[in-house]
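One structure is given below, encoded as structure tokens.
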Amino acid sequence: MQVLYFAWLRERIGKGSETVDPPADVATPAALIDWLKSREERYVAAFQDVSAVKVAIDQKQADMTTSLAGAREVAFFPPVTGG
Amino acid sequence: MSVRVQTDDFDINAEIAALTNGRADIGAVVTFTGLVRDAEGSVSEMTLEHYPGMTEAALTEIEAEARARWPLQGVTIIHRVGPLAPADQIVLVIAASRHRQAAFEAAAFLMDYLKTRAAFWKKEASPDGDASWVDARESDEAAAERWGRT
């Protein structure tokens, strides 16, 4: 699946997108974050405060507990500040 | 297209004309323009980031929501992305209706929803070289909540 990062998450992780292939037991965005954190230190720093992180699955707003079944694109980003 | 995300500046008068030219059923046009603010001299540049695809979809949904709530003859939403300077235009919302109340309310609604539901992020750079991401404000969420759930 494709994982996207925006704003300070993108900066802390050092890239805007990547293709990952997590194991089957990574079933939710929360589990995906834990899996990413287990791989590299920069994800630990980026996802230190998950309460400040929003998630979208296939460009639809989702929750950290939403199922990732069939997901092609998962995006993590801070609360929006446009306008 | 009534919803646009672009790096280029926009011309408010041209956008109004695009909505109203050739029709006499519009009695009220309300525009809101957001500018890069630098009230304390602490911002040298503001950079806007968005989520291509999802941002446009959210703006289109917000427009549809406004059209469902008020009788609108036309809606335009333009949001710029990329690097901007203080006093630059960031965002334009136009609501056109037969009467002013719908146009005023719809323009306010569009901005309140845009600020809390469309994927944009602002980063401010200061003259001394520091840069920081702008925090979301609870007052913006409260402003959006006042329109109630749908």
Working from the alpha-carbon coordinates of the stretch B:1-48, get Rg over Rh, Rh being the Kirkwood radius.
-> 1.10
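Show me B:93-101, A:30-38 ranked by packing, highest mean number of other Cβ atoms within 10 Å first. Before the final figure, lay out each step's value.
Numbers: B:93-101: 20.0, A:30-38: 17.3.
Per-residue Cβ counts within 10 Å, averaged per peptide and sorted highest first, yield B:93-101, A:30-38.
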Phi-based couplings in Hz for the stretch A:60-75 (Karplus 6.51, -1.76, 1.60; Gly and Pro marked x) | 10, 4, 9, 10, 5, 9, 5, 5, 8, 4, x, 5, 9, 9, 10, 10
Amide H to amide H, which residues 5 or more places from A:Phe47 or on other chains are under 5 Å from it, using H placed in the peptide plane?
-> none
How many lysine pairs in the protein assembly as shown, separated by 8 or more positions in sequence or lying on different chains, have Cα atoms less than 22 Å apart?
-> 12
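Other chains' Cβ within 10 Å of B:45-55 residues: what's the mean? Present the calculation step by step, with values, prior to reporting the outcome.
Working: counts 0, 0, 1, 3, 7, 3, 8, 2, 3, 10, 3.
If you average over the peptide's residues, the count of other-chain Cβ atoms is 4.
In what sequence, highest mean first, do A:61-69, A:20-28 appear when ranked by Cβ atoms within 10 angstrom?
Working: A:61-69: 14.2, A:20-28: 11.9.
Ranking the peptides A:61-69, A:20-28 by packing returns A:61-69, A:20-28.
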Using only Cα atoms, tell me the angle between helix B:100-117 and the longest principal axis of chain B; keep it within 0 to 90° and round to the nearest 10.
-> 40
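By its C-alpha gyration tensor, with a ≥ b ≥ c as the square roots of the eigenvalues, how is the stretch B:108-148 shaped: rounded for a/c under 1.5, else prolate for a/b larger than b/c, else oblate?
Values: a/c = 3.64, a/b = 2.79, b/c = 1.31.
It comes out prolate by the Cα gyration axes.
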Between the stretch B:86-120 and the stretch A:24-66, the alpha-carbon center distance in angstrom = 32
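Please label the shape of the stretch B:71-127 as rounded, prolate or oblate, based on the square roots a ≥ b ≥ c of the eigenvalues of the alpha-carbon gyration tensor (a/c under 1.5 means rounded; beyond that, a/b larger than b/c means prolate, else oblate). Numbers along the way, then the final one.
On the way: a/c = 3.01, a/b = 2.38, b/c = 1.27.
Verdict is prolate for the stretch B:71-127.
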Can you give the convex hull volume of the alpha carbon atoms of the stretch A:2-77 per residue, in Å³?
-> 80
Ordered by residue, what ³J(HN,Hα) values in Hz, to whole numbers, does the stretch B:127-133 give under the Karplus form 6.51 cos²θ - 1.76 cosθ + 1.60, where θ = phi - 60° and Gly and Pro are x?
-> x, 8, x, 6, 9, 8, 6
Send over the per residue convex hull volume for the protein assembly as shown, Cα only, as a whole number of Å³.
-> 137
Before rounding to the nearest 500, sum -39500 (n - 2.57) across all DSSP H runs of length at least 4 in chain A and divide by the residue total; then give [θ] at 222 nm in deg cm²/dmol.
-> -8000 deg cm²/dmol
At a temperature of 20 °C and a viscosity of 1.002 mPa s, determine how fast the stretch B:16-114 diffuses translationally according to Stokes-Einstein, using the Kirkwood radius over alpha-carbon pairs as Rh; express D in µm²/s, rounded to the nearest whole number.
-> 148
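Each value in this text was obtained by applying a stated rule to the coordinates, not by laboratory testing. Bear in mind that the values here come from a model prediction, so they are computed numbers and not experimental data. Here the Cβ is made from the backbone with ideal geometry for all residues, glycine too, and neighbour counts use every protein chain on show.
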